[in-house]
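Encoded as structure tokens, the structure appears first; notes follow it.
The values are calculated or read from the model by the stated rules, or taken from the named source; none is laboratory data. This one's a predicted model, so the numbers in the text were calculated from it and none came from an experiment. So basically every Cβ, Gly included, is an ideal-geometry build from the backbone, and we count neighbours across all protein chains shown. Note: accessible area is taken over every heavy atom of the protein model, side chains too, but ligands, DNA and RNA are not part of it. Shrake-Rupley method; radii C 1.70, N 1.55, O 1.52, S 1.80 Å.
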Amino acid sequence: GNPDRSNSSNHLVVDQSSQRLQRFSKLMESSADRMGPWGFGDAVVLLSPIGFLVAMVLKPNPMPTSKSLWLAAVLLFVLKLWYLQASPLEACACFVKGVLQALTPCSIVAGAIFLFDCMESSQCLAWMKVQLRVVTDSHPVAEVMLIGFCFAFVVEGASGFGTPAALAAPMLHSMGHPKMECVVCLLTFNTFMTIFGAVGTPVWFGIGEVVPDYGEENLMQVGFNAAIALSICAILIVPFVVNIIVPKSDLMKSLPFVFMSTLSIVLPFIGLAFVNYEFPTLASGIFGLLVTTLLTVFRIGLGAHSKENPEPDAGPELKEALEDAEPKKEISKEFDLEKGKEGKEDKDVTVATVATDLEIVPQSEMKSEMEIDPVDGVTFSNPSGDVTKALTKVMAQAKAQESEGGALKTTMSKKSLKDKAVNPQVEVCKKTLKKFHKGRHMAIMPTRLWRAHHSENSDFETPSRTKKIDIDDAHLEHFNQGLNVFDCVFRTMPLWLTVLLLILTRIEPIGLKSALRLKEPTIVNGDLGTLGHLEISAVGRFSLSNILGTNIGWAYELLYIPFILPFVVAGCAPLLVFRRELEHSFSEIVHAVLMRIKGPAIALSGALMLVELLRTSDHLKDAPATIIGTRLSETLSHAFVALSFPLGALGSFFSGSTTVSNLTFTQVQKVAAEKLGLTSNALIALQLCGASSGNAFCLSNIIAATAVIGLHIPEGIIVKRVLKPVFAQYLICTLVLLPFIYA
């Protein structure tokens with residue numbers, strides 16, 4: 001052969017190899033340039049706004065999320081420009097889109113609040129409460145499962161956003177259960193319900209908005225995987241949650257009932273999640289509520305309980321105690337009713353006394369039933385007659401127990417929650433409220449008005465310097481006349497109409513789903529200068545494209561998002577049917593909704609700006625969420641799977657929303673799954689489970705629940721109580737989804 005030819009060919013091969021190497025190195029450099037300069041430090045720096053949010057929530061005086069989320073968004077904006085050196089125009093466009101994007105969750109929240117307020121005003125909610133209380137007939141296990149689990153499931157599916165704990169906890173407490181246990185129980189129950197939230201918002205908006213090219217099938221697979229994991233958690237953990245309120249001895253006798261009630265919800269929950277992600281919570285909640293009601297009525301699986309033991313009649317030994325327990329008309333003037341015995345301020349000291357023998361009943365045990373101004377004494381009365389003697393009998397029994405087991409404590413300070421829980425005076429108060437309240441609303445009437453109101457009744461003498469408490473039987477008498485078809489159909493109309501409208505507008509073959517999302521014909525089509533291009537379609541689809549001259553766009557589908565359909569329509573229906581019974585007018589309801597939506601709107605706009613900054617890339621840099629997912633997966637490798645659930649819980653902890661948690665961390669999970677070769681659907685489902693569980697120790701949910709029920713204790717105490725079941729969910733969900741993740 002020719003040596004010159006062979007040498008030239010060798011040089012050609014070397015040149016081609018060097019060119020490939022140069023191209024590869026340039027590609028690697030360009031890829032590295034699209035990330036940050038510090039490797040794993042990129043994840044630490046870009047997660048610092050999230051760390052700031054957590055710090056603001058955990059500090060002694062927490063900053064409201066309406067402020068902290070905006071500040072976190074500004075911090076990430078600065079980091080994106082300074083640390084990543086990203087395009088400033090795209091970063092500004094993210095702010096504009098974030099504010100506009102907040103219209104979607106704000107509309108859903110406003111619609112849910114409107115529906116709930118309409119149910120209250122038309123007394124549909126009052127009817128449901130009375131029927132639930134009548135059905136349970138004071139059985140503690142039935143009360144917890146029917147109201148705390150099934151009814152709360154329905155409320156979560158209809159409204160979401162922490163409403164179940166705020167509504168069901170006071171209902172359980174009004175039946176004689178302790179306040180703190182009611183709050184802890186409802187917050188824990190809520191963790192099983194929020195993966196789909198109000199009409200699937202955490203899935204179709206929380207995940208679908210972040211990864212718009214994900215597709216309907218993938219979204220349904222995510223919801224289905226999460227439903228399987230949390231349903232298994234519910235079957236295993238619900239009995240332990242019931243045990244928070246119900247003694248173990250009562251629970252074990254009714255364990256079959258608990259499992260049957262749980263299965264009546266989780267089985268349709270899984271089945272519906274396989275075909276849809278928008279109404280599994282609401283539909284399965286309604287089905288479970290009906291099944292559990294039947295189980296309760298026919299006492300299937302329900303064992304005997306301690307409340308069924310009859311109280312012993314007052315024997316001769318109690319007659320003397322009964323005489324000693326007669327309420328006195330005077331009280332020591334040295335005792336300040338708003339302060340403790342030593343004159344120190346104590347919020348837990350009641351503002352009234354039932355009788356001087358019993359001395360002080362803690363206000364925390366009575367606040368949700370009645371608001372009492374400082375007076376010298378309180379006696380209970382009922383339109384049907386005087387019950388003071390019966391109340392005194394209960395006190396006498398407590399006094400007899402005192403003679404056997406020791407002296408009653410009379411000092412109610414806030415030294416220890418445990419001391420209050422075991423104080424016999426608290427138990428007397430609970431027994432009294434349980435015996436005479438019977439689920440009725442208590443209203444306060446000043447002594448002078450009460451005397452005038454009962455002036456015709458000369459049989460009952462009004463003790464001087466006491467305040468009377470009339471038990472308002474209006475709802476109970478109105479709704480306890482026996483069930484009729486009209487009430488059963490129309491009092492429940494807001495719930496079944498919501499489900500019906502969701503089915504009609506979400507199932508593709510019906511045709512309404514695509515019709516409500518049509519882009520054409522347009523009724524408005526014009527330029528807004530450099531702000532963007534605005535289009536409004538005939539079916540109410542608003543879109544703004546090319547925001548600030550970038551490729552970033554925004555869309556809002558007025559009739560498709562769950563706002564007018566189903567919430568506003570389902571809320572207006574009972575207002576029309578029961579227009580003569582309305583407690584509030586339509587304008588008052590709308591005004592109340594606007595007042596209540598202010599705070600969430602500000603917080604959600606900040607959250608959506610933060611999310612847009614996290615998920616948006618440009619021609620210079622990758623999205624911060626992509627960088628975080630890449631760096632964490634590179635450093636932690638498959639150990640990242642163990643972080644998926646806690647990341648979701650962290651998002652709910654600082655935001656108070658499963659949806660916002662998904663908006664924040666879904667892209668991180670997706671990028672990590674792709675880098676590690678894992679199934680992204682299952683990893684995002686694990687993050688979704690964590691986001692649902694995080695609602696248990698979210699401070700905004702805790703504050704809302706404790707405020708409604710009138711519980712005045714540090715939030716940290718409740719957080720400690722709920723961490724155990726949340727950690728159990730972490731272990732179970734991770735183990736259940738591991739086969740799906742590595743499939």
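Observations on the model:
- The calculated FRET efficiency for F298 paired with S637, based on their beta-carbon distance and R0 = 51 Å, is about 0.40.
- Between the range 603-677 and the range 45-107, the alpha-carbon center distance in angstrom: 13
- In this structure, the pairs whose alpha-carbon distance is over 28 Å, taken from K67/K720; K59/K80; K129/K179; K670/K720; K97/K598; K97/K519, are K670/K720.
- Normalising the Debye intensity of the range 231-311 to I(0), with uniform scatterers on Cα atoms only, and taking log10 at q = 0.13 Å⁻¹ returns -0.46.
- Candidate residues V57, V577: accessible-area rank, largest first, probe 1.4 Å: V577, V57
- With the simple spin-label model, which puts each label point 7 Å out from Cα in the Cβ direction, the E520 to S138 separation comes to 7.0 nm.
- For the pair H619 and K253, label points projected 7 Å from Cα toward Cβ lie 7.6 nm apart.
- The packing ranking of peptides 624-631, 79-86, highest mean first, is 624-631, 79-86, where packing means the average number of other beta carbon atoms within 10 angstrom of each residue.
- Two-decimal Rg to Rh for the range 606-743 - Kirkwood Rh, Cα set: 1.03
- Backbone phi angles across the range 588-596, fed through the Karplus curve with coefficients 6.51, -1.76 and 1.60 (θ = phi - 60°), yield HN-Hα couplings of 5, 5, 4, 4, 5, 5, 5, 5, 6 Hz in residue order; Gly and Pro are listed as x.
- Gain upon complete extension [R579, Y742; 0.36 nm per residue less C-alpha separation]: 53.0 nm
- From phi via Karplus (6.51, -1.76, 1.60), per-residue ³J(HN,Hα) for the range 534-550 in Hz, x at Gly/Pro: 9, 9, 10, 8, 5, 9, x, 9, 9, 9, 10, 9, 6, 5, 6, x, 9
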